[in-house]
Amino acid sequence: MGLEEHRKKGPERVRCAVIVTSDTREVETDKSGSTITQLLQDAGHEISDYRIVPNDAAALTDALESTMKTSQAIIISGGTGVSKGDITVDVVEPLFERRLSGFGELFRHLSYDEIGSATIVSRAVAGTIGTQVIFCLPGSEGAVKLAMKELILPEISHIVGELEK
């Protein structure tokens, strides 16, 4: 079976939750979260939840637990850098049952073409918990567009299909 045939076995419509970690953004000012939701909807996927949570481990953990009940995929934007408030990767990565190492590696490779060596401060990661895939993206709109268009949208149905076998 070829790759394209393999990809077609995934669901056409994936239920996705979008979580934005930020101490300053609100729904009206959140360009990254709105970009993620719009791109997912344009691709035919369903938004099961969208929320903004503070850069706080307990708040992020609560949001994850809640969204895992209603989604097949969770996309988190923000908190993947190296500053003190960037806690997303530290909270989420230990929960992964399987890490999708290629996601972070390829994201940084693609980012290098756009932002150069500054890509080394990105800790973007992806992994799975049970039958769900979780992507942790930087908070910038440019990074979100890159990850969504080049990596997540082409593979999200395929990954979910594999997890649900």
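The values are calculated or read from the model by the stated rules, or taken from the named source; none is laboratory data. All figures in this text were calculated on a predicted structure; none of them were measured in a lab. Glycine gets a Cβ as well: all are built from the backbone with ideal geometry, and neighbour counts include every protein chain shown.
Quick look at the numbers
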quantity: Neighbours by Cβ (under 7 Å, 6+ apart or cross-chain): first from the stretch 87-99, of a type in the set (Ser, Thr, Tyr); second crowded, with 19+ Cβ neighbours inside 10 Å; calculated: Thr88/Thr21; Thr88/Leu60; Thr88/Ile76; Thr88/Gly78; Thr88/Gly79; Thr88/Thr80; Thr88/Cys136
quantity: Flag if Ser83 is modelled with pLDDT under 95 and of a type in the set (Gly, Ala, Ser); calculated: yes
quantity: Ser48 vs. criteria without any contact (Cβ under 8 Å) to a residue 40 or more places away in the chain and either surrounded by fewer than 15 Cβ atoms within 10 Å (Cβ to Cβ) or in a helix (DSSP H, G or I) (or both); calculated: no
quantity: Residue match in the stretch 28-35 (condition: β-branched (Val, Ile, Thr), more than 21 Å from Glu150 (Cβ to Cβ) and exposed (fewer than 15 other Cβ atoms within 10 Å of the Cβ)); calculated: yes
quantity: Output for the stretch 57-83, where each listed residue is surrounded by fewer than 20 Cβ atoms within 10 Å (Cβ to Cβ), outside any loop (DSSP other than H, G, I, E, B) and β-branched (Val, Ile, Thr); calculated: Thr61
quantity: Residue check for Gly116: assigned to a helix (DSSP H, G or I), under 21 Å from Val18 (Cβ atoms), without any contact (Cβ under 8 Å) to a residue 24 or more places away in the chain and not polar (S, T, N, Q); calculated: no
